[in-house]
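Nothing in this text is a laboratory measurement; each read-out follows from the coordinates by a stated rule. Given the structure is predicted, the values throughout are model-derived calculations rather than measurements. Methodologically, a virtual Cβ is constructed for each residue, glycine included, from the backbone with ideal geometry; neighbour enumeration extends over all protein chains shown.
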């Protein structure tokens, strides 16, 4: 399996990161993730318009913690708007989904080859979609997110299927 091609990558940071007021769009369709956070902490992305790659607008993984996505517009071009896995304490507030992901909108706790850590502390506050439909949330190897206001809906069927997949894969019963 080859590594994803990511447009903007932030990782292994010790100083706080603030990304604000930007339109972030890959120049072509060859990117999987537009913004990738890996092993990053104390990150705030606000008032940004992010056009997704074939997978995500924003992907957080590998031990990220203390991330806030505030007042952003996520314009999916692929599977998801946002992936949050092997991550702690993420708050997504007043963010609008402009185009829904073809698989789900917010994917929490999907499989990762880098860790078996459970995703915890995800809060979705005032998250909505431009078309008025519910923002679809799938939860795998993670605590259920706290949802306050907005219009998010947990897809329980796909969540329980992902939880089962995660467990079987972690036991080595499926590849």
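Calculate for the chain the 222 nm mean residue ellipticity that helices alone would give, adding -39,500 (n - 2.57) per DSSP H run of length 4 or more and normalising by residue count, nearest 500 deg cm²/dmol. Before the final figure, lay out each step's value.
On the way: 1 runs with 15 residues, N = 175.
Computed mean residue ellipticity for the chain: -3000 deg cm²/dmol.
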Ranked packing of 22-34, 66-78, most packed first, by mean Cβ within 10 Å: 66-78, 22-34
Relative contact order (%) - criterion: Cα under 8 Å, at least six apart; region: the chain: 14 percent
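Would you please put 136-146, 121-131 in order of how densely packed they are, using the mean number of other Cβ atoms within 10 angstrom per residue and starting with the highest?
Working: 136-146: 20.5, 121-131: 18.4.
With the highest mean Cβ count within 10 Å placed first, the list reads 136-146, 121-131.
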Once you have the Cα-Cα distance between residue 116 and residue 3, take 0.36 nm times their residue separation minus that, and quote the gain in nm to one decimal. 38.8 nm
Which three semi-axes in whole Å describe the equivalent ellipsoid of the chain, each the square root of 5 times a Cα gyration tensor eigenvalue, listed largest first? 22, 19, 16
Please compute the length gained on full extension between residue 133 and residue 148, using 0.36 nm multiplied by the number of residues separating them and subtracting their Cα-Cα distance. 3.8 nm
Taking R0 as 35 Å and r as the Cβ-Cβ distance between residue 171 and residue 91, the FRET efficiency 1/(1 + (r/R0)^6), rounded to the nearest 0.05, comes to 0.60
